[in-house]
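Everything below concerns the one structure shown next.
The values are calculated or read from the model by the stated rules, or taken from the named source; none is laboratory data. This one's a predicted model, so the numbers in the text were calculated from it and none came from an experiment. As a convention, Cβ positions derive from the backbone with ideal geometry for all residues, glycine included, and neighbour counts pool all protein chains shown. Calculation scope for accessible area: heavy atoms of the full protein, side chains included, ligands and nucleic acids excluded. Shrake-Rupley method; radii C 1.70, N 1.55, O 1.52, S 1.80 Å.
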Amino acid sequence: MNGPAITQRPHVAPDRWEAAVCSWPDNEARGWARDLMQAARQNGAVNAVVATGSAVRNVDRSDDLDVVLVYHAARPSLPRPPISVDLRCYDQADVSARLTAGHSYLSWAVRFGRVLYERDQWWSRLRAEWNDRLLLPSAAEAIERAQRAERQRDGLAAAGDDDAAAELQLAALTHRARAALTRSGVFPQSRPELAAQLRRIGEDALAERLGDALARRSLL
């Protein structure tokens with residue numbers, strides 16, 4: 001995956017990329033993505049732009065847009081993302097090593113992400129190479145993240161910041177859900193889909209807690 005860039009026409013036509021996103025969190029995210037597509041087409045260092053997370057899944061609501069951008073040589077100058085966008089950039093030279101190590105975010109993007117832009121079918125070739133080789137996310141790491149979120153939650157709750165504490169409670173439950181699924185040999189999907197996955201493996205109590213936390217968040 002480390003060969004020279006080929007500057008032929010992108011595999012995904014510019015007038016089709018918006019359809020890859022099922023649910024835009026807001027107009028700012030959509031407008032930023034349009035600017036990013038223009039920048040990617042004009043910058044030969046960009047190999048691929050991929051949308052991930054709940055925005056590309058068939059769910060009722062997406063609170064943000066997760067985007068993976070892979071580049072080679074120098075990191076490109078890009079439009080500043082709005083608060084509703086989580087942009088993560090990776091050098092192509094590091095991608096295979098990260099996947100070999102079980103990088104959860106990139107692994108999710110390879111399995112479930114949707115291409116917004118790719119040069120010379122770069123992401124399509126990566127997916128063909130890796131889709132059947134992806135490791136499950138680390139359950140131990142998920143538990144560590146859950147425990148860290150719970151400690152922070154307790155501190156904020158003691159300080160009277162109930163909204164921030166509720167957000168960390170949701171994060172902790174999300175990590176615990178992913179750990180439970182991984183231990184059952186199931187690749188976790190997006191957060192709105194986790195409760196249904198948990199019920200399918202018999203984790204009804206955790207599914208209910210996660211569902212309640214998501215419902216409370218939607219009321220904020």
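Yes or no, residue by residue, for (1) within 18 Å of the chain's Cα centre (by Cα); (2) among the acidic types (D, E); (3) open to solvent by 50 Å² or more (accessible area, probe 1.4 Å); (4) at pLDDT 95 or above:
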{"position": "Q92", "(1), (2), (3), (4)": "yes, no, no, yes"}
{"position": "V115", "(1), (2), (3), (4)": "yes, no, no, yes"}
{"position": "W122", "(1), (2), (3), (4)": "no, no, no, yes"}
{"position": "R125", "(1), (2), (3), (4)": "no, no, yes, yes"}
{"position": "D132", "(1), (2), (3), (4)": "no, yes, yes, no"}
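Listed residues L210, L156; which is in contact with a helix residue (DSSP H, G or I) (Cβ under 9 Å, 6 or more places away or on another chain), farther than 20 Å from V59 by Cα and open to solvent by less than 70 Å² (accessible area, probe 1.4 Å)?
Being in contact with a helix residue (DSSP H, G or I) (Cβ under 9 Å, 6 or more places away or on another chain), farther than 20 Å from V59 by Cα and open to solvent by less than 70 Å² (accessible area, probe 1.4 Å) holds for just one of L210, L156, which is L156.
Report the residue count in the range 54-82 for those that are in contact (Cβ under 8 Å) with a residue 40 or more places away in the chain, assigned to a loop (DSSP other than H, G, I, E, B) and in contact with a strand residue (DSSP E or B) (Cβ under 8 Å, 6 or more places away or on another chain).
Total meeting the criteria: 3.
List pairs: first residue in the range 182-193 and in contact (Cβ under 8 Å) with a residue 40 or more places away in the chain and open to solvent by less than 20 Å² (accessible area, probe 1.4 Å), second residue assigned to a loop (DSSP other than H, G, I, E, B) and small (G, A, S) anywhere in the structure, Cβ distance under 6 angstrom, at least six positions apart or on different chains.
As it stands, the answer is none, since no pair meets every condition given.
Where residues in the range 25-43 are touching a residue at least 24 places away in the same chain (Cβ under 8 Å) and open to solvent by 40 Å² or more (accessible area, probe 1.4 Å), which of them is nearest to R57 (Cα to Cα)?
Top of the filtered list is D26.
Can you tell me which of R151, R176 is more than 19 Å from L106 (Cα to Cα), basic (K, R) and out of contact with any helix residue (DSSP H, G or I) (no Cβ under 7 Å at 6 or more places or on another chain)?
Checking each option against the conditions leaves just R151.
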